[in-house]
Amino acid sequence: MTGGASLALAFGLKAVGVARWSSGDVPAAVVLGWWGVCWLVVAVFAMADGVSRHREYRRIKAMFVKYGFSERILRPVARSRCQRDAALHAARETGHLDKARSYFRGLGYRWYHILPDLVVRNPLSFVSPTFLRTSFMPGKKMRASSSAS
């Protein structure tokens, strides 16, 4: 929903910017165009996050089906609200919702814990490669680089 709304806002700002440009109001057109580009970036990140959460949900659901409920499945996704929501949805569909909720509640997470733990500790971590990799490629491990001796 956020991605679609951001995309609509980006295209709306672009249309208004083009209208301003054609009427000769270049500074307003540039400002509107800039805001349109910013909202387009928000839309792309929101849609990428949605795809990542769906992959995470499918991965966790498959693990619940294969292994049953285990806190070891939930531990890696506990630090992010989006990942917790994906895990809770997978738990709901596999019949483990109450156990998953009590696990996250036992860790101290409530409905108002929205930002990932890493971002709460360091707000600039939104742009770190590690945060982006773990957010948009869940379950993927970085390959260890081989060193030549």
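No value in this document is a laboratory result; all are computed from the given coordinates. What you see is a predicted model, and the numbers here were worked out from it, not measured in a lab. Quick reminder, even Gly has a Cβ in these numbers, built from the backbone with ideal geometry, and neighbours come from all protein chains shown.
Key figures for this structure:
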| read-out | value |
| --- | --- |
| Taking segment 1-124 and dividing mean pair separation by its residue count, relative contact order in percent (alpha carbons under 8 Å, at least six apart) | 20 percent |
| Per-residue Cβ neighbour rank within 10 angstrom, fewest leading, W111, W34, W21, W39 | W111, W34, W21, W39 |
| Range in the chain, longest, excluding exposed trypsin sites (Lys or Arg not before Pro) [loop by DSSP; at most 13 other beta-carbon atoms within 10 Å] | 1-109 |
| Stokes-Einstein translational diffusion, segment 1-103 - Kirkwood Rh over all Cα pairs, 1.567 mPa s, 4 °C, in µm²/s | 82 µm²/s |
| Kyte-Doolittle mean at least -1.0, axial Cα span of 24 Å or more - DSSP H helices of the chain | 2-22, 26-67 |
| Stretchable slack from R58 to A19, in nm (0.36 nm times residue separation minus alpha-carbon distance) | 9.6 nm |
| Cα-centre dipole for segment 22-149 with unit charges at Cβ (Lys and Arg positive, Asp and Glu negative), debye to 20 | 780 debye |
